[in-house]
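Each value in this text was obtained by applying a stated rule to the coordinates, not by laboratory testing. For clarity, every value in this text was computed on a predicted model and none was experimentally measured. No Cβ is skipped: glycine too gets one built from the backbone with ideal geometry, and neighbour counts run over all protein chains shown.
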Amino acid sequence: MARYEEAVQFLKRNSTDGTIPTMKDLRAEKEKLIFTRTAQYESYTYFKDYYHELQTACRNVDMILEMEHTQQYRRTQPKRSHEPSL
């Protein structure tokens, strides 16, 4: 019984007019919160996937630029002859 009274007091304290909300109101609020949570989760998963795609694209660009840099470095280096030292 103490938990019931504690719950009643909590609901009264947190309501705007000091009364206990009806079950209908509580269910409607729960539905609204579930809908909001679902929408936010869908947005989160979209942006998480988009972030992973951007990371992949950045790694690919870095890899391409590194290959181009290596090729340019090789072209600018003078050819060295492999003469055996005596």
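A few points about this structure:
- Qualifying chymotrypsin sites (Phe, Trp or Tyr not before Pro) for the range 1-39 [loop in DSSP, other Cβ within 10 Å: at most 15]: none
- One decimal place: the segment Arg37-Met67 gains 6.3 nm when fully extended, by the rule 0.36 nm per residue minus the C-alpha distance.
- Rounded to 10°, Cα long-axis angle of helix 2-14 versus longest principal axis of the chain: 70 degrees
- Rounded tilt (10° steps) of 23-76 against the dominant C-alpha axis of the chain: 10 degrees
- Here the simple spin-label model places points 7 Å from the Cα toward Cβ, and for Asp49 and Ala28 these points are separated by 3.5 nm.
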